[in-house]
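A quick write-up on the structure given underneath.
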Amino acid sequence: MNVVFAVKQYVSKMIEDSGPGMKVLLMDKETTGIVSMVYTQSEILQKEVYLFERIDSPNREIMKHLKAICFLRPTKENVDHLIQELRRPKYSIYFIYFSNVISKSDVKSLAEADEQEVVAEVQEFYGDYIAVNPHLFSLNILGCCQGRNWDPAQLSRTTQGLTALLLSLKKCPMIRYQLSSEAAKRLAECVKQVITKEYELFEFRRTEVPPLLLILDRCDDAITPLLNQWTYQAMVHELLGINNNRIDLSRVPGISKDLREVVLSAENDEFYANNMYLNFAEIGSNIKNLMEDFQKKKPKEQQKLESIADMKAFVENYPQFKKMSGTVSKHVTVVGELSRLVSERNLLEVSEVEQELACQNDHSSALQNVKRLLQNPKVTEFDAARLVMLYALHYERHSSNSLPGLIMDLRNKGVSEKYRKLVSAVVEYGGKRVRGSDLFSPKDAVAITKQFLKGLKGIENVYTQHQPFLHETLDHLIKGKLKENLYPYLGPSTLRDRPQDIIVFVIGGATYEEALTVYNLNRATPGVRTVLGGTTVHNTESFLEEVLASGLHSRSKESSQVTARSASRR
């Protein structure tokens, strides 16, 4: 189960099916992002695709010598654009691929518009999601719920994205969902409806153990997206932000023009592929090795190009050298900027206290450490608010809860009202009343013993003690211990055997820390393959936007009538 490979295969097949000759790739805003995640422009150029156009750009030239490959989401706008296009075709022949199921009436409208008979074929290729890593996908939706319920447009898009994922991986799963979440149940039902309606599409070869789709809600673990990260991919997203593999470095002091935006893709960057899950300390030494390797291969300035053979050797090695030079300068810049932010924002100290808040149960020590950091001028308002949010979530019902005092400290520090209000919004979003699980206290004697032993041994790395709640959920699922009263099946049948293919989807967004958990689980449990997806992939900043978008912060504490009021507010 490799989502990058699945989407890449679709794109390759589209290009191959159109045959030899010069081509234009006609896309919409979303499919442009979907394709860019799995193919670089230069890779597609090698397949005779010389032009990339948006279906909605008004002033495209007529180029009858080009074949058009159209890869579009089956939306009303795209169908309308296509109808206009086919009435006055700009290219010689059209191969049309929709990224999801297209209605018969839309196909009929297209056929009626095709008076000049330029359409060679219309097909459905289910690449309707963003393939981030081989085992991680996203729908790039921020703010999917109003209160505790779905925004109807986002529910529809999420259902499409999730069913497309199942079709692209050729899986017809049994479905389990988090009982404490109304949104999870609703999405499970919508996916089931599509599987039932389009049953012919889902008729795949039956496996001995059916695949499993597990639908979870971000509200159940609001801790994970609030933590600073220390592995390369997660850290880059937390501190710099990754948007469809692109990182904006324009605000880096003294940045050169060609490094204002860089692409980090494991598909075509070997250093990134080998280091994305390693922690920051290891990356520092690996960057040094990369630099040394580069220095050795650098052509000597005074290298004498005397013979034709010398020149030939230089020219042959130059592209490789150029590529390596680009890789080195990119990673040195990114790691350098991460390093600068870590020391400027005092993140080692901040992160140590975050980990204590997430993983340990010593209230007085935690409170003391949070208060101490709030006095530190190097700690930004963002990090200060994040610490108080973690405290509020963990010690929400503690008898000595000192949240009002900490909110006062935030105010004295000059933290903006937006962040102070977000503290209670986060508790409203993912506090004890909402969670179906117990995030903090060990559940049984075995877990308590484990925690005690862990304490005795000392932690290998104080900055990465935290395990996302998803780790425990998946561990129980694989061992057949995931409680059905908390995660029921949709429908009457249940799995008797250990699941082999698991698709986990998180409403409200997954995180790179959870993606790392899935990556490690896949390596540690042969015979079990897990893919993780979410409405988006969060860092702390985007997670707080998700909380704001849900509208829960503006509720009064007593009111539980969420939906009627927040629906009108969006």
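Mind telling me which of the residues Q84, Q46, Q41 ends up being polar (S, T, N, Q), modelled with pLDDT of 90 or more and not assigned by the TED database to the domain that holds Q500? Show your work before the answer.
Working: Q46 fails: modelled with pLDDT of 90 or more; Q41 fails: modelled with pLDDT of 90 or more.
Going through Q84, Q46, Q41 in turn, the sole match is Q84.
Taking the residues in segment 383-430 that are of a type in the set (G, A, S) and not in a helix (DSSP H, G or I) as candidates, determine which candidate is nearest to Q146 (Cα to Cα).
Within segment 383-430, the first condition is being of a type in the set (G, A, S), and the residues that meet it are 384-385, 392, 399-400, 402, 405, 414, 416, 424-425, 430.
From what is left, the residues that are not in a helix (DSSP H, G or I) are 399-400, 402, 414, 416.
Numbers: S399: 32, S400: 33, S402: 30, G414: 30, S416: 25 Å.
That would be S416.
Every residue in segment 75-111 that is within 24 Å of L167 (Cα to Cα), touching an Asp or Glu at 6+ places or on another chain (Cβ under 9 Å) and not charged (D, E, K, R), please.
Across segment 75-111, the qualifying residues are T75, N78, V79, F95, I96, Y97, F98, S99, N100, V101, I102.
State the number of residues belonging to segment 168-185 that are assigned to a helix (DSSP H, G or I) and either free of Cβ contacts under 8 Å to residues at least 24 places away in the same chain or open to solvent by 10 Å² or more (accessible area, probe 1.4 Å) (or both).
Matching residues across segment 168-185 total 3.
Take segment 246-260 and flag every residue that is acidic (D, E) and free of Cβ contacts under 8 Å to residues at least 12 places away in the same chain.
If the condition is that a residue be acidic (D, E) and free of Cβ contacts under 8 Å to residues at least 12 places away in the same chain, then D258 is the only one that fits.
Quick one: C359 ticks every box in (1) surrounded by fewer than 16 Cβ atoms within 10 Å (Cβ to Cβ); (2) closer than 30 Å to A183 by Cβ; (3) within 29 Å of the chain's Cα centre (by Cα) except a single one, so which number is it?
All conditions are met except number (1).
If a residue counts only when it is open to solvent by less than 40 Å² (accessible area, probe 1.4 Å), among the small types (G, A, S) and touching a strand residue (DSSP E or B) at 6+ places or on another chain (Cβ under 8 Å), which helices (runs of 4 or more DSSP H) contained entirely in segment 5-107 have at least 1 such residues? Write out each step before concluding.
Values: elements: 29-36, 41-45, 76-87.
Answer list for segment 5-107: 29-36.
Which one of these is surrounded by 15 or more Cβ atoms within 10 Å (Cβ to Cβ), over 23 Å from V3 (Cβ atoms), assigned by the TED database to the domain that holds A385 and modelled with pLDDT of 90 or more: V434, V426, V415?
Residue meeting the stated conditions: V426.
Does T163 count as touching a helix residue (DSSP H, G or I) at 6+ places or on another chain (Cβ under 7 Å), among the hydroxyl-bearing types (S, T, Y) and farther than 26 Å from I96 by Cα?
no
Would you please list the contacts, defined by Cβ atoms under 7 Å and residues six or more apart or on different chains, that run from a residue in segment 482-506 that is more than 18 Å from Q193 (Cα to Cα) to a residue that is of a type in the set (F, W, Y) and surrounded by 15 or more Cβ atoms within 10 Å (Cβ to Cβ)?
Y487/Y177
Could you check, for segment 500-510, whether at least one of its residues is outside any helix (DSSP H, G or I), more than 21 Å from L278 (Cα to Cα) and open to solvent by 60 Å² or more (accessible area, probe 1.4 Å)?
Initial filter on segment 500-510 (outside any helix (DSSP H, G or I)): 500-510.
Next cut, more than 21 Å from L278 (Cα to Cα) only: 500-509.
Still in the list and also open to solvent by 60 Å² or more (accessible area, probe 1.4 Å): 500.
There is at least one residue in segment 500-510 that is outside any helix (DSSP H, G or I), more than 21 Å from L278 (Cα to Cα) and open to solvent by 60 Å² or more (accessible area, probe 1.4 Å).
Failed condition for V335, given (1) crowded, with 18+ Cβ neighbours inside 10 Å; (2) not in a loop (DSSP other than H, G, I, E, B); (3) not assigned by the TED database to the domain that holds D258, with all others met?
(3)
Here's the yes/no breakdown for (1) crowded, with 24+ Cβ neighbours inside 10 Å; (2) touching a residue at least 60 places away in the same chain (Cβ under 8 Å); (3) touching a Gly at 6+ places or on another chain (Cβ under 9 Å); (4) on the phi > 0 side of the Ramachandran plot:
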site: I141; (1), (2), (3), (4): no, yes, yes, no
site: R206; (1), (2), (3), (4): no, no, no, no
site: D217; (1), (2), (3), (4): yes, yes, yes, no
site: Y232; (1), (2), (3), (4): yes, no, no, no
site: N244; (1), (2), (3), (4): no, yes, yes, yes
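The values are calculated or read from the model by the stated rules, or taken from the named source; none is laboratory data. The model shown is predicted, which means the values in this text are computed figures rather than measured ones. As a convention, Cβ positions derive from the backbone with ideal geometry for all residues, glycine included, and neighbour counts pool all protein chains shown. Calculation scope for accessible area: heavy atoms of the full protein, side chains included, ligands and nucleic acids excluded. Shrake-Rupley method; radii C 1.70, N 1.55, O 1.52, S 1.80 Å.
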